[in-house]
Amino acid sequence: MRLKGRVALVTGAAMGIGKGIALLFADQGAKVMAADINTQAGDATAEEIRATGAQCIFRSTDVSVEAEVKNAVAAAQQEFGQPVDVLANVAGIAHESPAHLLDLADWNRILTVNLTSMFLCAKHVLPGMMAAKHGSIVNITSIQGLFGFPGYPHYAASKGGIISMTRQMAREYAKDGIRVNCIAPGTVETPMNVKVLERVPNPGELRRAWERMHPLGRIGQPIDVAWGALFLACDESSWVTGQCISIDGGISCSVLPE
Ligand SMILES: NC(=O)c1ccc[n+]([C@@H]2O[C@H](COP(=O)([O-])OP(=O)(O)OC[C@H]3O[C@@H](n4cnc5c(N)ncnc54)[C@H](O)[C@@H]3O)[C@@H](O)[C@H]2O)c1
């Protein structure tokens, strides 16, 4: 039980990677506050966790709205009787358009939901962590924050910003016993990517192309990322801060596909 007695706020916990992290953190003894904009799926995640005997509450939260973030953090403290020890900043959205066709509104939306939200969640958990003199923040970025992929200038900018913000906050709050790290996943099988597969004429072909892109020959599952998040959240990583760990089937090792 790596997170016994810890309170973990997991955003984007209704589905995909966030759900995988919420399930694993709860399995490892954390009291989980699951936050997501999707109330129906979020409630289902919380119920699934409680059915295992672990503690979890769901709070409908738009992480891009500061008042909602503030309320979710306060609700976690009130429900579990202690401040948030672990923040997993997972919620994010993707949208495809090359820069010359991209609406400013879409640029702003992606930056707000993917990057500003992670600042807001950190802003509101940090005072409790500073008072407790410990805490771990795990931000989910993407290999798109490290490498260029066609069609995603705004997504890449948001993910690159997460990596820089992670390093900055790691430096600033190390003196308070707070660690801040991020994970850059490769392609993971989640509703986000299922939606992409549903939009193309030959989903089987695209899926096989994704598999070939990753030297380990498969796309990731949410649990692959969740294990990394658990390591960064728990005390076993107590000498790790400001890092970006790629969990990506080896894609970041390859210059060209085979
Ligand atoms: N799936 C991948 O291949 C992949 C790869 C690299 C990085 N990521 C990142 O991992 C994170 C999770 O992605 P996923 O694939 O699980 O996506 P997903 O779409 O399957 O799940 C994202 C979750 O975030 C929630 N969400 C979206 N906007 C929100 C908001 N404003 N407030 C609160 N919740 C909100 C959604 O309701 C959903 O439950 C994202 O930050 C994404 O950019 C995903």
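Read the figures in this text as sums done on the coordinates, not as results from a lab. Since the model is a prediction, treat every value here as computed from it, not as a measurement. So basically every Cβ, Gly included, is an ideal-geometry build from the backbone, and we count neighbours across all protein chains shown.
Taking only pairs six or more apart or across chains, which ones have beta-carbon atoms under 7 Å, a first residue in segment 213-228 that is of a type outside the set (D, E, K, R), and a second residue that is more than 11 Å from the ligand (Cβ to nearest atom) and in a loop (DSSP other than H, G, I, E, B)? Pairs that qualify, where the first residue is of a type outside the set (D, E, K, R) and the partner is more than 11 Å from the ligand (Cβ to nearest atom) and in a loop (DSSP other than H, G, I, E, B), are 213/257; 214/250; 215/250; 215/254; 216/250. Within segment 72-89, if we keep just the residues that are within 16 Å of the ligand (Cβ to nearest atom) and part of a helix (DSSP H, G or I), the residue that is farthest from the chain's Cα centre (by Cα) turns out to be 75.
Candidates 204, 177, 186, 160: the one that is at positive phi and either crowded, with 16+ Cβ neighbours inside 10 Å or without any contact (Cβ under 8 Å) to a residue 60 or more places away in the chain (or both) is 177.
Every test in (1) surrounded by fewer than 17 Cβ atoms within 10 Å (Cβ to Cβ); (2) free of Cβ contacts under 8 Å to residues at least 24 places away in the same chain is passed by residue 210 save one, and that test is (1). Here are some conditions: (1) surrounded by 16 or more Cβ atoms within 10 Å (Cβ to Cβ); (2) without any contact (Cβ under 8 Å) to a residue 60 or more places away in the chain; (3) more than 13 Å from the ligand (Cβ to nearest atom); (4) part of a helix (DSSP H, G or I). Residue 69 meets all but one. Which one does it not meet? Of the numbered conditions (1) surrounded by 16 or more Cβ atoms within 10 Å (Cβ to Cβ); (2) without any contact (Cβ under 8 Å) to a residue 60 or more places away in the chain; (3) more than 13 Å from the ligand (Cβ to nearest atom); (4) part of a helix (DSSP H, G or I), the odd one out for residue 69 is (3). Pairs meeting the criteria (first residue in segment 1-26 and in contact (Cβ under 8 Å) with a residue 40 or more places away in the chain and on the phi > 0 side of the Ramachandran plot, second residue among the hydroxyl-bearing types (Ser, Thr, Tyr) and not in a strand (DSSP E or B), beta carbons under 7 Å, at least 6 apart or on different chains) are 16/190.
So residue 57 ticks every box in (1) touching a Cys at 6+ places or on another chain (Cβ under 8 Å); (2) outside any helix (DSSP H, G or I) but one. Which box is left unticked? Among (1) touching a Cys at 6+ places or on another chain (Cβ under 8 Å); (2) outside any helix (DSSP H, G or I), residue 57 violates only (1).
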